[in-house]
Amino acid sequence: MKPIIAITCDYEYTSENIKLHQDYYRAISQFGGLPILLPGNNIVDVEDILKLADGVLITGGADIDPSFYGESPHIELGNINPYRDEFEIVLAQLAVDRGIPILGICRGAQVMNVAMGGTLYQDINSQFERNTIAHRQKAPSWHEFHDIIIEEDSLLFNIVGERSIRVNSFHHQAAREIGPGLEIIARAPDGIVEAIAKPDHPFALGLQWHPEKMLDSQMHSQDIFNAFIDSTK
Ligand code: MN
């Protein structure tokens, strides 16, 4: 039996459609996982989901309601989605507590940080003083856009085997204060957090970029999904 990977979906409340970019699904399938899709907002089912799933993938999407880290909405906050926030935060908390492998991508990494008690820049450009690097790329999504510098001996370093790689970037928010128990394991050259992990956990990794969009062009992205699926076996 392949390891079951539960993937959170987006919910478009205007059109009432549940959606998931196929890249996430494809990535899990390609590296030997059996993807199941979570529609979101089914918070009463989180316990059962975590009994079923061998791993959890929290995907990208819109902004997180800043009330979850005790702030009022900043003027540059983007759309927020109450159908996703609480469900994904509880899912991340329980997966971390129970040692279930979890990969958070973009918004998913921010969800992990908030779930562990961290905070976010609601808008990098207006709140981060050293905003010298563009984090919203104007290039195809697979394009390697900015460098990240990786901590030696971290989970990410052990996966990619390099101190510096180049990643894509599609975010205007980022982790600010890091939740207790998490560590910053990679930053962009401007200092923005690009990867977090929980060291005493089998596999709890949050990435601010989108490796699922670089699978055809970058070996590191393949290595990341390989390592994630491996950790669920
Ligand atoms: Mn970035």
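Residues in region 143-156 that are in contact (Cβ under 8 Å) with a residue 12 or more places away in the chain and farther than 17 Å from Pro202 by Cβ: His143, Glu144, Phe145, His146, Asp147, Ile148, Ile149, Ile150, Glu151. Pairs meeting the criteria (first residue in region 202-222 and within 27 Å of Gln93 (Cα to Cα), second residue charged (D, E, K, R) and part of a helix (DSSP H, G or I), beta carbons under 7 Å, at least 6 apart or on different chains) are Glu212/Asp23; Lys213/Asp23. Here Trp142 meets each of (1) farther than 22 Å from Asn226 by Cβ; (2) hydrophobic (A, V, I, L, M, F, W, C); (3) in contact with a helix residue (DSSP H, G or I) (Cβ under 7 Å, 6 or more places away or on another chain) with one exception, condition (1). Looking only at residues of region 171-226 that are assigned to a strand (DSSP E or B) and within 14 Å of His146 (Cβ to Cβ), we find that the one that is nearest to the ligand (Cβ to nearest atom) is Glu194. Which of the residues that make up region 144-170 are within 14 Å of the ligand (Cβ to nearest atom), among the hydrophobic types (A, V, I, L, M, F, W, C) and farther than 16 Å from Arg107 by Cβ? The answer is Phe145, Ile148, Ile149, Ile150, Ile165. Only residues that are within 13 Å of the ligand (Cβ to nearest atom), in contact with an Asp or Glu (Cβ under 6 Å, 6 or more places away or on another chain) and over 29 Å from Met219 (Cα atoms) were counted in region 118-137, giving 0. Kindly indicate whether any position in region 109-124 is of a type outside the set (D, E, K, R), touching a residue at least 40 places away in the same chain (Cβ under 8 Å), farther than 16 Å from Phe170 by Cβ and assigned to a strand (DSSP E or B). The answer is no; no qualifying residue exists.
Say whether the condition of being surrounded by fewer than 19 Cβ atoms within 10 Å (Cβ to Cβ), under 28 Å from Arg130 (Cα atoms) and under 15 Å from the mean Cα position of the chain (by Cα) is met by at least one residue in region 188-195. No - not one qualifying residue is present in region 188-195. Among the numbered conditions (1) without any contact (Cβ under 8 Å) to a residue 40 or more places away in the chain; (2) surrounded by 15 or more Cβ atoms within 10 Å (Cβ to Cβ); (3) over 16 Å from His220 (Cα atoms), the only one that Pro140 does not meet is (2). When Ile229 is tested against (1) away from the ligand (no atom under 12 Å from the Cβ); (2) under 29 Å from Glu129 (Cα atoms); (3) aliphatic (A, V, I, L, M), just one condition goes unmet, and that condition is (2). Do we have Ser154 as in contact with a strand residue (DSSP E or B) (Cβ under 9 Å, 6 or more places away or on another chain), modelled with pLDDT of 95 or more and within 21 Å of Gly55 (Cα to Cα) here? Yes, satisfied. Screening Glu76 with (1) in contact (Cβ under 8 Å) with a residue 40 or more places away in the chain; (2) charged (D, E, K, R); (3) crowded, with 18+ Cβ neighbours inside 10 Å gives one miss only, at (3).
Any residue in region 21-39 that is touching a Phe, Trp or Tyr at 6+ places or on another chain (Cβ under 9 Å), surrounded by 14 or more Cβ atoms within 10 Å (Cβ to Cβ), within 19 Å of Trp209 (Cα to Cα) and among the hydroxyl-bearing types (Ser, Thr, Tyr)? No: region 21-39 contains no residue that is touching a Phe, Trp or Tyr at 6+ places or on another chain (Cβ under 9 Å), surrounded by 14 or more Cβ atoms within 10 Å (Cβ to Cβ), within 19 Å of Trp209 (Cα to Cα) and among the hydroxyl-bearing types (Ser, Thr, Tyr).
The values are calculated or read from the model by the stated rules, or taken from the named source; none is laboratory data. Note that the structure is a prediction, hence the values are computed from the model and not measured. Glycine also receives a Cβ, built like all others from the backbone with ideal geometry; neighbour counts cover every protein chain displayed.
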